[in-house]
1. When the residues of the stretch 1-31 are narrowed to those that are in a helix (DSSP H, G or I) and polar (S, T, N, Q), which ends up surrounded by the most Cβ atoms within 10 Å (Cβ to Cβ)?
2. Only residues in the stretch 23-48 that are under 9 Å from Thr4 (Cβ atoms) count as the first member; pair them with residues that are at pLDDT 85 or above, Cβ under 9 angstrom, at least 6 apart or cross-chain, and list the lot.
3. Identify all residues within the stretch 32-48 that are loosely packed, with under 11 Cβ neighbours inside 10 Å, more than 14 Å from the chain's Cα centre (by Cα) and either of a type in the set (Lys, Arg) or not in a loop (DSSP other than H, G, I, E, B) (or both); write none if there are none.
4. Considering each residue of the stretch 1-31, count those that are over 23 Å from Gly47 (Cα atoms) and within 8 Å of the chain's Cα centre (by Cα), and give that number.
Amino acid sequence: MFETMMERLDDLDLAQLARARIEANETPVRVSFDDLIAEAQADIANGR
């Protein structure tokens, strides 16, 4: 599940954006873990 969630973050480029904002001392992008979990579960169910 964690790997799938991280892949989803990579697909959305959110991980890179969040890292850049943290390094620039800006407010990180807020991401709903519930949404990420639901998308990861859907990806797993669809064989992605």
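1. Thr4
2. Arg48/Ala42
3. Passing the criteria: only Ala45.
4. 1
The values are calculated or read from the model by the stated rules, or taken from the named source; none is laboratory data. Quick caveat: nothing in here was measured; it's all calculated off a predicted structure. Positions of Cβ are generated from backbone atoms using ideal geometry, with glycine treated the same way; all protein chains shown enter the neighbour counts.
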